[in-house]
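A short write-up of the structure that comes next.
The values are calculated or read from the model by the stated rules, or taken from the named source; none is laboratory data. Just so it is clear, the model here is predicted, and its values are computed rather than measured. Every residue, glycine as well, gets a Cβ built from its backbone with ideal geometry; the counts of neighbours run over all protein chains shown.
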């Protein structure tokens, strides 16, 4: 006895309402009255790829709340904590995301602190030194882990060690990072031209006006000529020796294209089938059949000006060679055998369900909206992508794998006790 | 505020349901009241290994994940010292797929010697990846082992050693299944945009026919009162030394739990917490610091932990922790500080109610604690904490004879 199963074929997502502010900042709203909370996200094109001084982009983002011209770091932290407001900062290679989430009843108080953080950060010297010491230590700890070593080596192998997407800097450079460099990064990149805002949750006219007024206070920047983006210089193998490691971290993949490319969604289907869910081919092979690993993933990764396909796993040192061969074989199988209809159906349903889960709750919808805006789309693209996924045939999957996943194009990186090739 | 409805089926299964009016998803949570504290000391890590085996198929459904994924669902599980939790989210129209699968594996699990061997290898890799091949991976294990002498909280959920996992046998697997996986030892909780009556009816349809295999659980040896300070120093290949100090405290349901949790928040709640402000920012002794309560079903731990900056000695950190404890006894929390913790709790509660999975999981957790109403009333408990409660907790609990100190030294 099995229950009926219904596959959702459509996902309709609320469209964000857009307002243009006088200084050119776009303000997007996703209002939902049934919640008693709201979130405001400020997104700046201020990721690490635009920095000329190592660690200055992440330091600027992370020190925004560590003291303003009118309040100390302690006062800012105290006020946010007092109202139970959540403040978080994320930074990737391209963007910095500054998020405030609050109970609706403490919106005004929270926005007042947001104003200090966004418009008047002071980057006090002693806060910078504390931050730099902590980060340096954390990075040193991270770099004792094979997965971090492999991740950094993989970026270097894909893009080249000097490329903005490939570079990793020595932790000692935290010592020489100066206050002037961090403040300069803020002044150049936290500007109206490089910002948009997304509000979600219980947003009424009062909240919109107030957020709009804050965003309109963002200064104009000098027109920044963005740093040059050299052509990636890919090397096909890299090994990081880590004596004594009981596991090896493996990463393989190749440079492809960003999300706007017509084959991006198709390659997401290919990556999902290979290693994007628990029942994926690599999970079945490496974990379920062979017990080589606790987990393995494959995915398409999107940057503003590049995109790549990647497989990542951590396996026992003694089986690294076998695991690597199994990964190559599974990729080859995608190229030589058409995918069974039932498996492809499963992958499509998984991807549909995954999108629904990401979209559950007002903040999830806001996250997806931000991602879409960054690709120049509105939320109708979600439905389009689902339709594109659902229309894929086994022949489409095979053709993409043949075109993009040839063995000679793959980059392979390992970190561990022994070179697995 | 989470509205809910609760029934107990004839076979003893407790069912708790919530109607969520915003989500297109259904969340199904099935909690079994078995965790690492129910393990045999010579078979630690078994409850967690068993959680993995629950995904290895039944007589009727040889592959558990396949139908979940076909129904656009996602499922996972976790084990801790007290309980094991299985959860599925999927489009609400497919809710019954989840109920079918969970009811099926409550009685029809089919584990062969071969499946057991593969799963043991996976879990041993997990042990290596998360605990052995990880800087500080064994720190909590050492601290538990120091603080507990008798109670099974002395080992972590993953187990004491990979050897215990490697030695697990098929007959142990069968006995464990019989003893712990049956309706009256479980809580089913669901959140979805469907009538509560309808949710209860569906739960009864799929789980009602299961027979209970009632089993008296073995008594768990309780920890005797600690009478003198304990200390352990180890040296590891890590970049920075850490100091952890653990004190025995009451259970999650104990009346003092809220006082303890509030104190941990005063000390370490956010960047404005006393420890971060004073020890990381002002005195620059530590690169990170935390204070937390373990919140276990049996009496648990109140833990201080800090990671040292170069130039700081462990003695200086121990003294700093003691000074903070003394400060709490002399300069008690102000109404302002209490209000702050209350606001934070309210915000965390509301942020936690934004999706169906959190709600279903919380309903299961509070029912497991034996006081489901607490889910909407806990805030009153925090509100009731008085300055005297804080002083009294500090003097009775946070005292040297009740402490276990672990110095986890970076090898030079």
### Message
within 10 Å of another protein chain (Cβ to nearest Cβ), crowded, with 23+ Cβ neighbours inside 10 Å and touching a helix residue (DSSP H, G or I) at 6+ places or on another chain (Cβ under 9 Å): is that true of residue A:104 in this structure?
### Response
no
#### Entry: Listing of strands (runs of 3 or more DSSP E) fully contained in the range A:1-105 that carry 3 or more residues being under 23 Å from residue B:22 (Cα atoms)
A:26-31, A:37-44, A:96-103
### Query
Which members of the range B:28-75 meet the condition of being out of contact with any strand residue (DSSP E or B) (no Cβ under 9 Å at 6 or more places or on another chain) and in a loop (DSSP other than H, G, I, E, B)?
B:39, B:40, B:41, B:42, B:43, B:44, B:45, B:60, B:61, B:62, B:63
### Message
I'm checking my understanding of the structure. Among residues of the range B:353-373 that are more than 16 Å from the chain's Cα centre (by Cα) and surrounded by fewer than 18 Cβ atoms within 10 Å (Cβ to Cβ), which one is nearest to the other protein chains (Cβ to nearest Cβ)?
### Response
B:373
### Query
Of the residues B:237, B:261, which is farther than 27 Å from residue B:337 by Cβ and in contact with a strand residue (DSSP E or B) (Cβ under 9 Å, 6 or more places away or on another chain)?
B:237
### Message
One residue is enough: does the range A:112-120 have a residue meeting the conditions touching a strand residue (DSSP E or B) at 6+ places or on another chain (Cβ under 9 Å) and not in a helix (DSSP H, G or I)?
### Response
yes
### Task
Check B:302, B:321 and return the single one that is buried (at least 18 other Cβ atoms within 10 Å of the Cβ), farther than 27 Å from residue A:127 by Cα and touching a residue at least 40 places away in the same chain (Cβ under 8 Å).
B:302
#### Entry: the range A:120-134, subset more than 9 Å from every other protein chain (Cβ to nearest Cβ) and surrounded by 16 or more Cβ atoms within 10 Å (Cβ to Cβ), residue nearest to residue A:415 (Cα to Cα)
A:132
### Message
Looking at the range B:306-313, can you tell me whether even one residue there is away from every other protein chain (no Cβ under 11 Å), under 28 Å from residue A:141 (Cα atoms) and touching a helix residue (DSSP H, G or I) at 6+ places or on another chain (Cβ under 6 Å)?
### Response
yes
### Residue, farthest from the chain's Cα centre (by Cα), within the range B:144-153, restricted to residues that are surrounded by fewer than 19 Cβ atoms within 10 Å (Cβ to Cβ) and in a helix (DSSP H, G or I)
B:146
### Query
Is it true that residue A:371 is at pLDDT below 95, surrounded by fewer than 18 Cβ atoms within 10 Å (Cβ to Cβ) and not assigned by TED's automatic domain parsing to the domain that holds residue A:89?
no
### Query
Going through the range B:327-384 one residue at a time, which ones are touching a residue at least 60 places away in the same chain (Cβ under 8 Å) and in a loop (DSSP other than H, G, I, E, B)?
B:333, B:353, B:355, B:370, B:371, B:372, B:384
#### Entry: Pick from the range A:26-76, criterion out of contact with any helix residue (DSSP H, G or I) (no Cβ under 7 Å at 6 or more places or on another chain) and within 14 Å of chain B (Cβ to nearest Cβ), ranking: surrounded by the most Cβ atoms within 10 Å (Cβ to Cβ)
A:31
### Query
Can you tell me which of B:295, B:270 is in a loop (DSSP other than H, G, I, E, B) and either surrounded by fewer than 17 Cβ atoms within 10 Å (Cβ to Cβ) or more than 14 Å from every other protein chain (Cβ to nearest Cβ) (or both)?
B:295
### Message
Tell me which helices (runs of 4 or more DSSP H) are completely within the range A:358-421 and hold 2 or more residues being under 21 Å from residue B:23 (Cα atoms) and under 25 Å from the mean Cα position of the chain (by Cα), or say none if there are none.
### Response
A:362-374, A:380-390
### Task
Give just the number: which of (1) surrounded by 16 or more Cβ atoms within 10 Å (Cβ to Cβ); (2) in contact with a helix residue (DSSP H, G or I) (Cβ under 9 Å, 6 or more places away or on another chain); (3) within 30 Å of residue B:29 (Cα to Cα) does residue B:193 not satisfy?
(1)
### Query
So how many residues does the range B:360-386 have that are out of contact with any helix residue (DSSP H, G or I) (no Cβ under 8 Å at 6 or more places or on another chain) and farther than 19 Å from residue B:254 by Cβ?
4
### Query
If you go through the range B:102-113, how many residues are assigned to a helix (DSSP H, G or I), surrounded by fewer than 21 Cβ atoms within 10 Å (Cβ to Cβ) and in contact (Cβ under 8 Å) with a residue 60 or more places away in the chain?
1
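Select from the range A:374-399 the residues that are within 30 Å of residue A:322 (Cβ to Cβ) and surrounded by fewer than 20 Cβ atoms within 10 Å (Cβ to Cβ) and list them in ascending order.
Across the range A:374-399, the qualifying residues are A:394, A:398, A:399.
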### Query
Assuming residue A:250 fulfils every condition listed in (1) more than 10 Å from chain B (Cβ to nearest Cβ); (2) closer than 30 Å to residue A:387 by Cα apart from one, which condition is it?
(2)
### Message
Restricting to the range A:298-356, give me the number of residues that are within 12 Å of residue A:253 (Cα to Cα), within 14 Å of chain B (Cβ to nearest Cβ) and surrounded by fewer than 17 Cβ atoms within 10 Å (Cβ to Cβ).
### Response
0
### Query
Does the range A:154-174 contain any residue that is over 30 Å from residue A:420 (Cα atoms), touching a residue at least 40 places away in the same chain (Cβ under 8 Å) and touching a helix residue (DSSP H, G or I) at 6+ places or on another chain (Cβ under 8 Å)?
yes
### Task
Out of the residues in the range A:365-407 that are in contact with a helix residue (DSSP H, G or I) (Cβ under 8 Å, 6 or more places away or on another chain) and closer than 21 Å to residue A:45 by Cα, state the one that is farthest from the other protein chains (Cβ to nearest Cβ).
A:375
### Query
Restricting attention to the range B:89-101, and to residues there that are surrounded by fewer than 24 Cβ atoms within 10 Å (Cβ to Cβ) and farther than 10 Å from residue A:3 by Cα, which single residue is nearest to the other protein chains (Cβ to nearest Cβ)?
B:93
### Query
How about the range B:114-143: which of its residues are in a helix (DSSP H, G or I) and more than 10 Å from chain A (Cβ to nearest Cβ)?
B:114, B:116, B:131, B:139, B:140, B:141, B:142, B:143
### Query
Of the residues B:58, B:44, which is in contact with a helix residue (DSSP H, G or I) (Cβ under 6 Å, 6 or more places away or on another chain), assigned by TED's automatic domain parsing to the domain that holds residue B:21 and closer than 30 Å to residue A:8 by Cβ?
B:58
